[in-house]
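Worksheet: the structure to be examined is printed underneath.
The values are calculated or read from the model by the stated rules, or taken from the named source; none is laboratory data. None of the values given here were measured: they were computed from a predicted structure. A quick note on method: Cβ atoms are made from the backbone with ideal geometry, for glycine too, and the neighbour counts reach across all protein chains shown. Calculation scope for accessible area: heavy atoms of the full protein, side chains included, ligands and nucleic acids excluded. Shrake-Rupley method; radii C 1.70, N 1.55, O 1.52, S 1.80 Å.
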Amino acid sequence: MLDIYNGIAVHARGGDRKKYQAVHLSSQVCETSSPCGIIETLNPREVYIADLNILQGEGEDKENIGELESLSSRSDVMLDAGVGRQEDADKWLRIANTLVLGTETASMDVIRNLAARYPGRISVSIDRKNGKLLSKSSDIPENPDQAIEIFNELPLKDIIYLDLDRVGTSSGMDIEMLSRIAKISYHPLLLGGGVRDMADIAELEKAGISGALVATAVHKQVIPVEQLR
């Protein structure tokens, strides 16, 4: 998981984006906060990238776009660029393998239309903070079970359950809830936020979760870099 702001990678923690600091200040595996430098060091098979300038309503940053173009030649990219309009998707899918549509920014209509237009290249992120769904649209249910039932009808690549309160906190996860929604979902389900170590990864696998977005645990060296490759 890589969060980019003003062209550098920052350490996400608790969803308070204004307080994120450069990754190299806390990382035990990377001496740089250059996104390309981090990818060169970690060499992940696939990387989830969030463009925080766009997600915070600050518009596109040329440095971010330049970094994204370089990264896409090194790793498969899952990109959350805060897409809220159908016309923005074409541009980003020329850079990324997968476009992440977050409930924070995309309406149900946009999700439906883009899933139909790009089958298998769209991921939906169920974004939650303070125990509530982040959404500007009333047509996405607050209840994650109900939201997933709607998403089951669409030709998505996968679904991400993104718990922003737990991102970067190594605070663990609600395995009972995750197991329940994994049983409901027809698509692979990924978790973002709270993963502490390899024991958590094993527990997620037993619960039917297909993968996890990890960053803090990698930079703390409690999840080996080799697991990303």
Exercise for the section: Tell me, yes or no, whether segment 164-180 has at least one residue that is outside any strand (DSSP E or B), under 13 Å from the mean Cα position of the chain (by Cα) and among the aliphatic types (A, V, I, L, M). Expected result: yes
Exercise for the section: For residues that are under 14 Å from the mean Cα position of the chain (by Cα) and within 11 Å of V167 (Cα to Cα), tally how many sit in segment 191-215. Expected result: 8
Practice task
Please enumerate the residues belonging to segment 1-17 that are of a type outside the set (A, V, I, L, M, F, W, C) and either within 12 Å of K62 (Cα to Cα) or assigned to a loop (DSSP other than H, G, I, E, B) (or both).
Solution key: Y5, N6, G7, R13, G14, G15, D16
Problem - L114 open to solvent by less than 20 Å² (accessible area, probe 1.4 Å) and either charged (D, E, K, R) or part of a helix (DSSP H, G or I) (or both) - result: yes
Fill in the blank from the handout: Only one of (1) in contact (Cβ under 8 Å) with a residue 12 or more places away in the chain; (2) part of a loop (DSSP other than H, G, I, E, B); (3) touching a Ser or Thr at 6+ places or on another chain (Cβ under 9 Å) does not apply to Y161, and that is (2)
Handout entry: Options V47, V10, V29, V23: the member that is closer than 20 Å to A217 by Cβ, of a type in the set (A, V, I, L, M, F, W, C) and open to solvent by 20 Å² or more (accessible area, probe 1.4 Å)
Key = V29
Problem - Residue that is farthest from Q146 (Cα to Cα), among those in segment 185-202 that are buried (at least 17 other Cβ atoms within 10 Å of the Cβ) and not small (G, A, S) - result: R196
Practice task
From (1) open to solvent by 20 Å² or more (accessible area, probe 1.4 Å); (2) at pLDDT 95 or above, pick out the condition that doesn't hold for D165.
Solution key: (2)
Handout entry: Whichever residue in segment 86-108 is of a type in the set (D, E, K, R) and not in a helix (DSSP H, G or I) and, among such residues, is surrounded by the most Cβ atoms within 10 Å (Cβ to Cβ)
Key = E104
Problem - When residues of segment 122-144 are limited to those that are open to solvent by 30 Å² or more (accessible area, probe 1.4 Å) and out of contact with any strand residue (DSSP E or B) (no Cβ under 9 Å at 6 or more places or on another chain), the one nearest to W92 (Cα to Cα) - result: K136
